[in-house]
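Enquirer: One structure, pasted below without further comment.
The values are calculated or read from the model by the stated rules, or taken from the named source; none is laboratory data. Computed from a prediction, not measured in an experiment: that's the story for all the values here. Cβ atoms come from the backbone with ideal geometry, glycine included; neighbour counts cover every protein chain shown. Ligands, DNA and RNA are stripped out before the accessible areas are found, and what is left, the full protein with its side chains, is counted by its heavy atoms. Shrake-Rupley method; radii C 1.70, N 1.55, O 1.52, S 1.80 Å.
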2 protein chains.
Amino acid sequence: MGKRIMIALGGNAIKQPDELGTTEEQMKNVATACGQIAEISRQGFEIIITHGNGPQVGNLAIQQEQAQELVPAQPLVILGSMTQGQIGYMMQQSLRNLMGEESIEVVTVVTQVLVDRDDPDFTDPHKPVGPFYKEEEAIQLKIEKGWTIRKVRPNGDRQWRRVVPSPVPLKIVEGKAVRKMVDAGMIVIASGGGGIPVILNEEGKLEGVDAVIDKDRAGEILAEDVGAGIFLILTDVDSVKLDYGKPTEKPIQRMTVEKARTYAREGHFLPGSMGPKVEACITFIEHGGERAIITSLAKAVNALEGKAGTTITRN
Amino acid sequence: MGKRIMIALGGNAIKQPDELGTTEEQMKNVATACGQIAEISRQGFEIIITHGNGPQVGNLAIQQEQAQELVPAQPLVILGSMTQGQIGYMMQQSLRNLMGEESIEVVTVVTQVLVDRDDPDFTDPHKPVGPFYKEEEAIQLKIEKGWTIRKVRPNGDRQWRRVVPSPVPLKIVEGKAVRKMVDAGMIVIASGGGGIPVILNEEGKLEGVDAVIDKDRAGEILAEDVGAGIFLILTDVDSVKLDYGKPTEKPIQRMTVEKARTYAREGHFLPGSMGPKVEACITFIEHGGERAIITSLAKAVNALEGKAGTTITRN
């Protein structure tokens, strides 16, 4: 069990905030990330990967909008499925190239994630997606598309942005299939962007909804589905910090679930940022996982050896 | 072996030529196609599906272009990967809904298809993709993007279109993985749009190329990879015709590979249309397949029972 690892890759690992998002940039970033993953694979780990897709969905949303006089704009749920194909392709190719084309099967599985249609987030959405708008545009979009728009910047020309629900993931629809693939020796990329959010509608059928699922939370469920012993979250910082952003800031090397809970209660972790990552790790351990690690992409291999990052364990 | 079937679904089955391509339209068409596929599954067949993506790539290409001042346009190879996610998601969800959510695993696999970088089509491309342009626009794009542009309409305002290579598929990169999934009892959607075309570059690494692979040709290779006994091509017509388009036009119910070759030589099948479909069927049988069928979506179930469509066999 200790040799099966779920890796959750942050969205910035594929398109950095200061980049435009050309294919060349993204392929280069993917190659860097896959270099670390290939190294982990060489150490004998069985690997399942999930990844963010915020920047890619953002770009697609702008493209849909700019062409809407000519071509019907696809909803967010479809844009999510498109980015699973896009990022999956880039990672699949990069991993193959790094590991030798014949040595291992690398596959991306289009993944739906079930959420509750009565999730409270559907009535009070907060997750910003897509471009920033001027007030007039915001009002127009609210009327035309029924979007919820919020003021997310205190000043400037473009202060408004669409917000969507971020419901709690309940189940990975393709979870059992991913398990079989990992059991068969494949490296599997799944639940990209937190998965494509679906509800069970009134007829009991799966139906896509415009929402965004936290990729670490969905990744945690997938980690359980595949029986991973290790949950590795790769983000922008080397480790979790106490007193984050204060002069007394201090990295945490190890913490038990109990300590993590205490720190969370004391407000050491940012809500919307490190908070949900630590929360996903706590859930993972409480549901039977061996250890969870939060670190940066560059420190991934070292962190697995306990030489970097923050490790969370039961005791 | 006779119970494993490769189904190749035409692009028009998902977006019909007279439709705009809204998500609602496409979901409705996908549900119709999946109704037939679910019925085939209920009859005990093991199913692998491939599908066209021309209309979806076309729409994405227009969206990329319209937003290029704001967001970097992704190349054709990335648009192909996006449509694999998009169409895969729609089919995955529809099949689950039709077959009962828990009864069977349905997965879409992002699929690369290897082509020869020295394929003659790279120096003389003919496959039109994306929107139609005016002459000035065509010249501009030729200079800016290095595209090959051809005049594809004899008259009117927009006569020009980008053409790309359509190289011969050599190998499904994820073919072995798809085989394992089918063996494990999953319905697999793979090689969408003919697959994402890749070459082996000078360093022996996989690299995407802007090209379009014929989905029936790629589907035929995948059918061999998974050991399918039946290759079912679903297109716009109920059966292959002798003297197509002439007053003497006559549907073919059955033909041997030898007959099919003779008819092809005699020019009964349109190049670029029925020709390559019949060719893919011939290859399938010659490489060990039991029977190949060409028919329309609506006749799929009947054709499998030999009551409709055109069946091609060895003898």
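Enquirer: If you take every DSSP beta bridge whose two residues both sit in chain B, what share of them, in percent to the nearest 5, is antiparallel?
Expert: DSSP beta bridges in chain B are roughly 40 percent antiparallel.
Enquirer: For the protein assembly as shown, with all protein chains present and a 1.4 Å probe, just round the carbon and sulfur fraction of the accessible area to a whole percent.
Expert: Exposed carbon and sulfur together represent 49 percent of the surface.
Enquirer: Okay, moving on. Relative contact order, percent, of the range A:1-48 when contacts are C-alpha pairs under 8 Å separated by at least 6 residues?
Expert: 58
Enquirer: Something else about it: Given the rule -39500 (n - 2.57) for each run of at least 4 DSSP H residues, summed and divided by the residues of the protein assembly as shown, what is its mean residue ellipticity at 222 nm, to the nearest 500 deg cm²/dmol?
Expert: About -11500 deg cm²/dmol.
Enquirer: List, in the order given, every pair from B:134/B:250; A:28/A:127; A:142/A:241; A:15/B:134 whose Cα-Cα distance in the structure shown is over 30 Å.
Expert: The pairs that break the limit, which is 30 Å between Cα atoms, are B:134/B:250; A:142/A:241; A:15/B:134.
Enquirer: What does the charge add up to near residue B:83, with Lys and Arg as +1, Asp and Glu as -1, over the other residues with Cβ less than 15 Å from its Cβ?
Expert: Taking every other residue near residue B:83 into account, the sum is +1.
Enquirer: Checking the cross-link filter: which lysines have an alpha carbon closer than 25 Å to that of residue A:3, excluding same-chain neighbours under 8 positions apart?
Expert: Those lysines meeting the cut-off are A:171, A:176, A:180, A:215, A:277, A:299, A:307, B:176, B:180.
Enquirer: Round to the nearest 0.05 the FRET efficiency obtained for residue B:142 and residue A:136 when R0 = 41 Å and r is the Cβ-Cβ distance.
Expert: Between residue B:142 and residue A:136 the formula returns 0.60.
Enquirer: Another one. How far is the Cα center of the range B:142-214 from the Cα center of the range B:1-69, in Å?
Expert: A separation of 17 Å, based on Cα centres.
Enquirer: Also: Using modelled backbone amide H atoms (1.01 Å from N, in-plane), which distant-in-sequence or interchain residues come within less than 5 Å of residue A:171's amide H?
Expert: For residue A:171, whose amide H was placed from the backbone, the distant partners under 5 Å are A:114.
Enquirer: Can you work out ³J(HN,Hα) from phi for every residue in the range A:296-301, in order, using Karplus 6.51 cos²θ - 1.76 cosθ + 1.60 and θ = phi - 60°, giving whole Hz and x for Gly and Pro?
Expert: So the J values, rounded to whole Hz, are 8, 3, 5, 9, 3, 5.
Enquirer: Also, I was wondering about something else. Quick check for you: with a 1.4 Å probe and neighbouring chains kept, what is the accessible area per residue of chain A, in Å²?
Expert: Each residue of chain A exposes 41 Å² on average to a 1.4 Å probe.
Enquirer: Here is a follow-up. A drop of at least 10 square angstrom in accessible area, chain alone versus all protein chains together, probe 1.4 Å. Which residues of the range B:95-142 meet that?
Expert: Residues meeting the cut-off: B:96, B:97, B:101, B:102, B:105, B:107, B:108, B:109, B:110, B:112.
Enquirer: Moving on. Considering only the other residues whose Cβ falls under 15 Å of the Cβ of residue B:26, what net charge follows from Lys and Arg at +1 and Asp and Glu at -1?
Expert: Net charge in that neighbourhood comes out at -3.
Enquirer: Just to verify a number: what accessible area does residue A:147 come out at with the full protein assembly present, 1.4 Å probe, Å² rounded to tens?
Expert: 50
Enquirer: Further question on the same structure: What does the buried accessible surface come to for A and B, summed over both chains, with the probe at 1.4 Å? Round to 100 Å².
Expert: Counting both chains, the buried surface is close to 4900 Å².
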